[in-house]
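No value in this document is a laboratory result; all are computed from the given coordinates. The shown structure was predicted, so the numbers you read here are calculated from the model rather than taken from an experiment. Neighbour counts run over all protein chains shown; Cβ positions are idealised from the backbone, glycine included.
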C-alpha cells in the first residue's frame, strides 16, 4: 500500500502529524484512531467565525477506520475496525437470508467491487480520505474513494423532496441542521443498489438514515448513523465510530472503472 505524504505542513501541524505515527496511511484496522482516542491534551476543535465547529475545510483530510461490519458481528472484508458497540440487528426474514448468502460467498457480489458507489453510511466506514467544506447554505463532502465522489448536504432550511418526485440515488438527499456543535443530517431518497457495509447488510428504497457528525477535538470526528428501514429491519439500529483527522493531507485521484476483469474470478467458498 502506498504511503501518503502530506504536502508542506506548518511546524505545529507537522508535529501533530508525526505524533500520530509518522505519516498517515489507510486505517483498515482502526488502530490509528484508537491510539488518538487515548491521547491527552489534544487541542479543542477549531471554530469558524459563525461559531460553528470547523469540520476541516482545506486544512487536511479525515480518514475513517475500515469498519467492515457496522453491527460488530465480525463480517466484512474491507477493514477489521469495530464500531463502538455491537448491535443486535433485527432482520426481516428476506434480509437475513440475503445477509447470510452474501457472507457465505465471501461477499463476492459486493456492489463496490463493480465500481458502484458505497452509499450512506458506508462512505464513512471505508478507509479513503475525505474533506468537508462548509458553505453558507450547504456542506460539501469530497471523497477520494467511491470513484472520487462528492456529496451535498443542504443547510438552507429546505424540506425533503416529496417521495413521488424523488429520483432515488446512492447517496440520497441529505438535509442538514446544527444541534449545538453536532451536524445532524437527515437522509432519504436512496436507491437499493448499495450495501450498508462490506458485510452485506441490505436495505431497500425505504431506507432513512440520520447521521450525526461531532468534531470532538482537533483530531477526532465522531460519526453516528441510525438505520431506519422498515422494508429490511423490524426496528431501527445505530452504529457509531470515530474518524481521525490528518493535517495537510489532500485526497488523491481515485479511478474505478466498470467491467472489472478480475471480479468474475471471485467465486467465494
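Residues being within 29 Å of residue 141 (Cα to Cα) and crowded, with 20+ Cβ neighbours inside 10 Å: count how many of those fall in segment 83-98.
Final tally of qualifying residues: 2.
Each row is one residue, and each column tells you yes or no for (1) closer than 23 Å to residue 79 by Cα; (2) surrounded by fewer than 20 Cβ atoms within 10 Å (Cβ to Cβ).
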residue	(1), (2)
127	yes, no
135	no, yes
145	yes, no
168	no, yes
172	no, no
180	no, yes
205	no, yes
228	no, yes
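Show the residue pairs meeting these rules: Cβ distance below 6 Å; 6+ apart or different chains; first residue within segment 52-75 and at positive phi and in contact (Cβ under 8 Å) with a residue 12 or more places away in the chain; second residue buried (at least 22 other Cβ atoms within 10 Å of the Cβ) and not in a strand (DSSP E or B).
Sorted first by the residue in segment 52-75, then by its partner, the pairs are 60/249; 72/83.
Out of segment 33-57, which residues are surrounded by 10 or more Cβ atoms within 10 Å (Cβ to Cβ) and assigned to a loop (DSSP other than H, G, I, E, B)? Please lay out each step first, then the result.
Filtering segment 33-57 for residues surrounded by 10 or more Cβ atoms within 10 Å (Cβ to Cβ) gives 33-37, 39, 42-48, 52-57.
Listed by number, the residues that qualify are 39, 42, 43, 44, 45, 46, 48, 52, 54, 55, 56, 57.
With the requirement that a residue be over 20 Å from residue 85 (Cβ atoms) and buried (at least 17 other Cβ atoms within 10 Å of the Cβ), what does segment 233-250 give you?
Correct list: 245, 246, 247, 248, 249.
Scan segment 78-96 residue by residue and report those that are under 30 Å from residue 218 (Cα atoms) and in contact (Cβ under 8 Å) with a residue 24 or more places away in the chain.
78, 79, 80, 81, 82, 83, 84, 85, 87
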